[in-house]
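Visitor: Can you read through this structure? Questions will come right after.
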Amino acid sequence: EHFAQQLKAKELEVQLEAAKAAQERELMNRKLQEATLRGKLQEKLAEENEALKTTLASYKENWDKLTETMGRSDKLYDSVRKELASLSKRKVALESENQQLVDRLAKLTVKSRDEAKESAGKLCRQSTQIDRLKSLCRELKLRLDSQESTEGPTPAEGRSAAQELRPGDNAAAQETDGHA
């Protein structure tokens, strides 16, 4: 009986050791599976890390291109702004010059109108003087013709007809001769 109890105790110990061994195997299998999963996970993470590095490098390249483009855009904007400022100054100068030319044109137009009126008046006076001179010449010619036909010309009568000219008509005749 003692032997049976010892046998039973040994059996229990063996069962306990077997259970412990099974539990340890189970634990080792789980750890092995976990290690395998971790290894696969690490490989997957390494692949994702490489993919992220590649994506990050691509983003960095695109960012560099963007900053370069923005730098050129800023330079272009500054250039356009300076050009616009220059054009604005030029516009102000041209508007000022244009206004001066408009004012000058207005003055010249008024002066031209005044000169045209004066010339028209002068032309009218000269035309009147010419008409008077023509009339006087016809009258003198008629007198001379009538005197020649009756007695012949004398120098004294020719002078008296010229003296019949009014002093203003004589000056106008001289002025007409000077301008003609």
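The values are calculated or read from the model by the stated rules, or taken from the named source; none is laboratory data. As the structure is a prediction and not an experimental result, all values here were calculated from the model. All Cβ positions, even for glycine, are placed from backbone atoms using ideal geometry, and neighbour counts span all protein chains on display. Keep in mind that these areas ignore ligands, DNA and RNA; they rest on the heavy atoms of the full protein, side chains included. Shrake-Rupley method; radii C 1.70, N 1.55, O 1.52, S 1.80 Å.
Visitor: What is the distance, in nm, between label points placed 7 Å from the Cα along the Cα-to-Cβ direction at SER58 and at LYS40?
Guide: Result for the modelled spin labels: 2.7 nm.
Visitor: For the range 112-151, how big is the tail of P(r) above 16 Å, as a whole percent of Cα pairs?
Guide: Within the range 112-151, distances greater than 16 Å cover 54 percent of Cα pairs.
Visitor: Percentage of Cα-Cα pair distances in the range 18-73 greater than 17 Å, rounded to whole percent?
Guide: 64
Visitor: Excluding residues fewer than 8 places away in the same chain, name every one of the lysines whose C-alpha is closer than 27 Å to that of LYS20.
Guide: Leaving aside lysines fewer than 8 places away in the same chain, those within reach of LYS20 are LYS8, LYS10, LYS31.
Visitor: Which FRET efficiency value, to the nearest 0.05, is calculated for CYS137 and ARG90 with the Förster distance at 45 angstrom and r the Cβ-Cβ distance?
Guide: Efficiency for this residue pair is about 0.10.
Visitor: Any chance you could run the full-extension gain for ALA21 through SER119? It's 0.36 nm times the residue separation minus the Cα-Cα distance, nm to one decimal.
Guide: My answer for the length gained is 21.5 nm.
Visitor: Still on this structure, please answer the following. How much length would be gained if the chain were fully extended between ALA51 and GLU148, taking 0.36 nm per residue of separation minus their Cα-Cα distance, in nm to one decimal? Present the calculation step by step, with values, prior to reporting the outcome.
Guide: Values: separation 97, 0.36 × 97 = 34.92 nm, distance 13.42 nm.
Using 0.36 nm per residue and subtracting the Cα-Cα distance, I get 21.5 nm.
Visitor: Please report the carbon-and-sulfur percent of the accessible area for the range 1-123; probe 1.4 Å, protein heavy atoms only, DNA, RNA and ligands left out.
Guide: In the range 1-123, the share of accessible area belonging to carbon and sulfur is 58 percent.
Visitor: Tell me the per residue accessible area of the range 1-88 using a 1.4 Å probe; a whole number in Å² is fine.
Guide: Solvent-accessible surface per residue comes out at 96 Å².
Visitor: Which of the lysines could a cross-linker span from LYS122 if the Cα-Cα distance has to be under 29 Å and same-chain partners fewer than 8 positions apart are dropped?
Guide: Cα-Cα hits under 29 Å: LYS107, LYS111, LYS134, LYS141.
Visitor: Order GLU1, GLU43 by their accessible area, 1.4 angstrom probe, all chains in place, largest first.
Guide: Sorted by accessible area, descending: GLU1, GLU43.
Visitor: Continuing with this model, one more query. Near ALA120, within a Cβ-to-Cβ distance under 12 Å, what is the net charge of the other residues, with Lys and Arg +1 and Asp and Glu -1?
Guide: +1
Visitor: Between LEU101 and ARG81, what FRET efficiency comes out of the Förster formula 1/(1 + (r/R0)^6) with R0 = 30 Å and r the beta carbon distance, rounded to 0.05?
Guide: Numbers: r = 30 Å, r/R0 = 1.00.
Here the calculated transfer efficiency is 0.50.
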